[in-house]
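Everything below concerns the one structure shown next.
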Amino acid sequence: MQTASNGSAPTASISEAALEVRPLIEGDLRDSTSEDLFEVVSPSTGEYLLSIPTGSQQDVDRAVASARTAFDDGRWCDAPPSFKKKTLHRFADLIAAEAPSLDALDAEEMGKPISLGFCNAAAAASLVHFYAEAIDKLSGDLFTSDLTNFVTQRRVPHGVVAAIVPWNFPSFNTVLKVAPALAAGNCVVLKPSELSSRSGLRIAQLALEAGLPQGVFNVVPGLGETVGQALGLHHDVDMLAFTGSSMVGKLMLQYAGQSNMKVVTAECGGKSPHIVFADGVDLDAAADGIAQLLLLNQGQVCSIGTRLLVQHDIEATLIEKVSSRLHNIVPGDALDPKTTFGPLVTAKQCAKVMQYIDTAPEQGAELVMGGGRLLTETGGYFVAPTVFRNVSPTAGIAQEEIFGPVLSVTSFKDTEEAIQLANSTQYGLASYVWTASLATSMKMAKGIRSSVFINACAMAGEGAGHALSSEPAGQSGLGTEGGLAGMESYMRRQLVGINHG
Ligand code: NAD
């Protein structure tokens, strides 16, 4: 491990305009009708950071009414495509210009190091450009018919979309919902996570500055049980676009069933495996990928590989290679540019991760490295990268989403067993296969139900990264997100049949 970065002054600067957390409705910041406050604590220091309103049914009613009026009068969805494109491109430029400040807001509130480029505000800006360009790229269908009928299908926006997002990549997750929703012509009410409200709110202000008509993009900060539930059950919300845990994702389906059968997309949790074969694959490249992914955002990423399934013969060698790389971190305050490994998001999350670590040996797991807290003198919620071997596939650390830097190693003998183990949790988000054999690659891709990456960890970023879409399996959620197919999730197919005979 390299020297901790704490002690040097954080250098990131935050835009003054981004510091007020209040509902943004019909283009203006309003007072919440709730007088209750939720305290946000800095995960890097454990010190009080800010208070936000817990939010209320009335806040949600006002925001939904604002979005409904804006949708019904067509101020956005009926605007010329050229206007919509220019507005979203300007919006992207403003996000890019303020990206360092947005990253600093997120780092301060939820602990993602500002040095981490993955899914940061600059990436969010580039994603908005992608959807700006997509505005006139989706067309409808024309069906074969007879001489007297003309049968066609239009793609139309759902109407009012409630976007409910988590804290782990606040700016990027906001834009991943809001940009395709707007590009498809919808009006939006965003509910950021209570642990990271400011960047989403600031992003909505930048949209207004870019020329998005008032009322098209509203924000209601607050808690899940207040604002999230009120949006979920609202009869005037047409779609819930949710990202978060599988437990709350299931609530979204219940809310829809208890109210107006609104459309639900839910991108939820994961317990993704790396599967490494002893067939001559480059073990250094595999170890690089496994370690880098586990360290990303301190393991707080839905799709990271937290299970290492390794073929017997190379188990010891690979564990050694991965462990040596996991020591290579600079832990510290997320606002310090030198930090590569920040804190976990809250004291509660830190305690949860430590509980998994402390109880794993009771189920037979053997600690290889880590297993404790780091930098406790800072008051921050730092947990060391941790590896367990001999992990039973049915143990809690092999089955449940820990959301921390904890890797469980289990060995396998052949492809059949590897496929069975890969599919053996409730989740189905991503799998990473490391093999030198094309035949094994294809066999694994066909046998595993999640998205599969062969000798690679991610396709994020420009180009294919923005254009690709994915659909989770099992209890990792439902619905397509990303790319043009993801934009279609924000549209309905309306059939138009004309008898002209
Ligand atoms: P979470 O489910 O606790 O919260 C997500 C959002 O739902 C937050 O805005 C929260 O306030 C709201 N919420 C909480 N309880 C609610 C309720 N009762 N009713 C309505 N809304 C409620 O998740 P989190 O802790 O913010 O984020 C971590 C989770 O997100 C992990 O499980 C992770 O895997 C998942 N995630 C998934 C993806 C993906 O693309 N699949 C991406 C990022 C994060």
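Data overview
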quantity	calculated
Test for N120: is it under 23 Å from the mean Cα position of the chain (by Cα), within 16 Å of the ligand (Cβ to nearest atom), under 30 Å from A256 (Cα atoms) and polar (S, T, N, Q)	no
Residue check, V175 within 16 Å of the ligand (Cβ to nearest atom), under 16 Å from the mean Cα position of the chain (by Cα) and in the same structural domain as A107 (by TED's automatic domain parsing)	yes
The range 170-182 residues that are farther than 18 Å from P213 by Cα, paired with ones that are near the ligand (Cβ under 10 Å from one of its atoms) and part of a helix (DSSP H, G or I) (beta carbon under 9 Å, 6 or more apart)	P170/M110; P170/G200; S171/G200; N173/G200; T174/G200
Test: P472 is outside the structural domain of P385 (by TED's automatic domain parsing), crowded, with 16+ Cβ neighbours inside 10 Å and closer than 28 Å to A365 by Cβ	yes
Conditions (1) at pLDDT 95 or above; (2) closer than 20 Å to L484 by Cα; (3) in contact with a strand residue (DSSP E or B) (Cβ under 8 Å, 6 or more places away or on another chain); number of the one not met by H89	(3)
Unique match (being more than 10 Å from the ligand (Cβ to nearest atom), within 28 Å of K177 (Cα to Cα) and aliphatic (A, V, I, L, M)) among V264, V310	V264
V188 being touching a Cys at 6+ places or on another chain (Cβ under 8 Å), among the β-branched types (V, I, T) and farther than 16 Å from T54 by Cα	no
Unmet requirement for P180, which otherwise passes all of (1) open to solvent by 10 Å² or more (accessible area, probe 1.4 Å); (2) within 17 Å of the chain's Cα centre (by Cα); (3) more than 9 Å from the ligand (Cβ to nearest atom)	(1)
Matching option when the condition is under 22 Å from the mean Cα position of the chain (by Cα), under 20 Å from I290 (Cα atoms) and more than 16 Å from the ligand (Cβ to nearest atom), among A456, A464	A456
So V128, is it within 16 Å of the ligand (Cβ to nearest atom) and crowded, with 23+ Cβ neighbours inside 10 Å	no
The range 213-229: number of residues that are more than 22 Å from V41 (Cα to Cα) and open to solvent by less than 10 Å² (accessible area, probe 1.4 Å)	4
Residues that are free of Cβ contacts under 8 Å to residues at least 40 places away in the same chain and either touching a Pro at 6+ places or on another chain (Cβ under 9 Å) or buried (at least 20 other Cβ atoms within 10 Å of the Cβ) (or both), drawn from the range 392-414	A395
Residue match in the range 441-457 (condition: of a type in the set (S, T, Y), farther than 21 Å from G249 by Cα and modelled with pLDDT of 95 or more)	yes
Per-region count, the range 284-299, residues touching a residue at least 60 places away in the same chain (Cβ under 8 Å) and farther than 28 Å from P166 by Cα	2
In the range 194-240, the residues that are more than 14 Å from the ligand (Cβ to nearest atom) and either assigned to a loop (DSSP other than H, G, I, E, B) or outside the structural domain of K85 (by TED's automatic domain parsing) (or both)	A210, G211, L212, P213, Q214, G215, V216, H235, D236, D238
Exclusive hit being open to solvent by less than 10 Å² (accessible area, probe 1.4 Å) and within 30 Å of P166 (Cα to Cα), set S451, S424, S431	S431
Which listed residue, of S476, S470, S451, is touching a Cys at 6+ places or on another chain (Cβ under 8 Å) and within 16 Å of the ligand (Cβ to nearest atom)	S476
Residue within the range 398-413 that is among the small types (G, A, S), in contact with a His (Cβ under 8 Å, 6 or more places away or on another chain) and not assigned by TED's automatic domain parsing to the domain that holds A92 present	yes
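The values are calculated or read from the model by the stated rules, or taken from the named source; none is laboratory data. Not measured: the values here are computed from a predicted model. When we count neighbours, we look across all protein chains shown, and the Cβ atoms used for this are built from the backbone with ideal geometry, even at glycine. Note: accessible area is taken over every heavy atom of the protein model, side chains too, but ligands, DNA and RNA are not part of it. Shrake-Rupley method; radii C 1.70, N 1.55, O 1.52, S 1.80 Å.
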